[in-house]
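The values are calculated or read from the model by the stated rules, or taken from the named source; none is laboratory data. Since the model is a prediction, treat every value here as computed from it, not as a measurement. Heads up: the accessible areas ignore ligands, DNA and RNA and are worked out on the full protein's heavy atoms, side chains in. Shrake-Rupley method; radii C 1.70, N 1.55, O 1.52, S 1.80 Å.
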Amino acid sequence: TAIGRAAAKPEGLEKLAPCQLNQGAAAGAGDQAGAGEEAGAEAGAGEDAGDAGNAGAENNAGAENNAGAAGTISCPAVEGSLPAIPASAQAEVTRNLELLDTQIQEANKRLVDTVGQGGPNFVQNAILGPLEDKRVAALNRIETAIGRAAAKPEGLEKLAPCQLNQ
């Protein structure tokens, strides 16, 4: 379903759902990774489907494989792009600017915590994509807060996408 929203919907993924228990010491790392990818493909419509595996449809040249060092996430600065903030909106704008910083810190922590997980698009689908969505929401709240007392700034969403620095 998730892939079908942006590209041709793959058919027949249901055949990947059956699993088996490997008897003996432990399943090989390849078996475990395969199970995660299959779970991600089955999760499909869930908001955190990328967490279960790498079933996303997007390619991201900046976020290759998550097998090496964690790197860091950098996002465009927002404060320098804001107009004068009315006093009545200052608290809400400040709260959302702090939230934007917190979101980056959480994404960087998640990046470190998930090193080696997922496939080639894991960082994009499980970290950068959801971070961008959260940033769009916070930026929209900033626009709305300012717009209640002054001219509403437009286009702050362009500051939502972030990138992985290796």
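Each residue was assigned an accessible area with a 1.4 Å probe, and for T144 the value is about 60 Å². Taking 0.36 nm per residue of separation and subtracting the Cα-Cα distance, full extension of the segment from A151 to E106 would add 13.0 nm.
Only lysines eight or more places from K158 in sequence, or on another chain, were considered; those with a Cα closer than 19 Å are K134.
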